[in-house]
Amino acid sequence: MVKPFSYVTTVNARIRMSTPDDAPFVTAIENDAELKQLLGGPSGKSQEFYRTFLSASEDLRFLIVESLASGFPIGLCGLLTGSLSDDCEVRVILTKDFWGRGLGTEVATALKKLAAELFPSKVLTAKAHPGNAPSLAIISRLGLVPDGAVSSDSRDNGWLAFRAPLATAPSNQTMRPTAARRRERLKDEL
């Protein structure tokens, strides 16, 4: 189980835990064919499925993004950990009316900070369909670096994988110096 939080506020949005009352919004996002075209496709799951799921959810998979201006939900985001990811995978999905405004980067940056606070021993990761230019741009702005392609039996097979560079790994992870750095240190000491 993940430690719940009240909410995270950005300049234009508020990120909060989801509740069963969010099932209609989650269902609409998860089944929007255009929105999910490069995000794995529509889930095909019902509002009742999401209501039940959100009632028992113990992770941060479905966080709600609300507009600060209107207070209405404008997207979903999440941090995938535990059985969903060995690391801490960030995801953001905004409704079409909010594309191209920098909100995806704003929300992803807030999630990066939240991940560092809640999961300090995990490495931040992301994945994106190779044709999803907006997601690839957000991932780049987060400072994540390429980490190959996803190989799976799932919809994300062939997607591009990214992770935080080792230089920004959590401070409680010990990193061995590379052979080149060890040689440089030896030269400096001589």
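The values are calculated or read from the model by the stated rules, or taken from the named source; none is laboratory data. No experiment lies behind these values; they were computed from the predicted model shown. Positions of Cβ are generated from backbone atoms using ideal geometry, with glycine treated the same way; all protein chains shown enter the neighbour counts.
What the table shows:
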| item | result |
| --- | --- |
| Given (1) free of Cβ contacts under 8 Å to residues at least 60 places away in the same chain; (2) surrounded by 15 or more Cβ atoms within 10 Å (Cβ to Cβ); (3) within 22 Å of ASP156 (Cβ to Cβ), number of the condition SER135 does not satisfy | (1) |
| Residues of region 11-49 satisfying the condition of being surrounded by 18 or more Cβ atoms within 10 Å (Cβ to Cβ) and either among the polar types (S, T, N, Q) or outside any strand (DSSP E or B) (or both) | SER18, ASP22, ALA23, PHE25, VAL26, THR27, ILE29, GLU30, LEU35, LEU39 |
| Residue match in region 163-184 (condition: surrounded by 12 or more Cβ atoms within 10 Å (Cβ to Cβ), at pLDDT 80 or above, basic (Lys, Arg) and in a loop (DSSP other than H, G, I, E, B)) | no |
| Condition check for LYS3: at pLDDT below 90, in a loop (DSSP other than H, G, I, E, B) and of a type in the set (Lys, Arg) | yes |
| Failed condition for LEU80, given (1) surrounded by 16 or more Cβ atoms within 10 Å (Cβ to Cβ); (2) farther than 26 Å from ARG163 by Cβ | (2) |
| Leading residue by the ranking (surrounded by the fewest Cβ atoms within 10 Å (Cβ to Cβ)) among those in region 86-100 that are without any contact (Cβ under 8 Å) to a residue 40 or more places away in the chain and in contact with a Ser or Thr (Cβ under 8 Å, 6 or more places away or on another chain) | PHE98 |
| Condition broken by GLU58, with the remaining ones in (1) surrounded by fewer than 19 Cβ atoms within 10 Å (Cβ to Cβ); (2) among the acidic types (Asp, Glu); (3) under 22 Å from PRO130 (Cα atoms) satisfied | (3) |
| Criterion: touching a residue at least 12 places away in the same chain (Cβ under 8 Å) and under 25 Å from SER152 (Cβ atoms) - qualifying residue of LEU103, LEU54, LEU76 | LEU76 |
| Qualifying residue in region 98-105 (condition: closer than 24 Å to ARG163 by Cβ and touching a strand residue (DSSP E or B) at 6+ places or on another chain (Cβ under 7 Å)) | yes |
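Conditions (1) out of contact with any Pro (no Cβ under 9 Å at 6 or more places or on another chain); (2) among the aromatic types (Phe, Trp, Tyr), marked per residue:
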| position | (1), (2) |
| --- | --- |
| SER6 | yes, no |
| VAL11 | yes, no |
| ARG14 | yes, no |
| THR19 | yes, no |
| THR27 | yes, no |
| ASN31 | no, no |
| LYS45 | yes, no |
| TYR50 | no, yes |
| LEU54 | no, no |
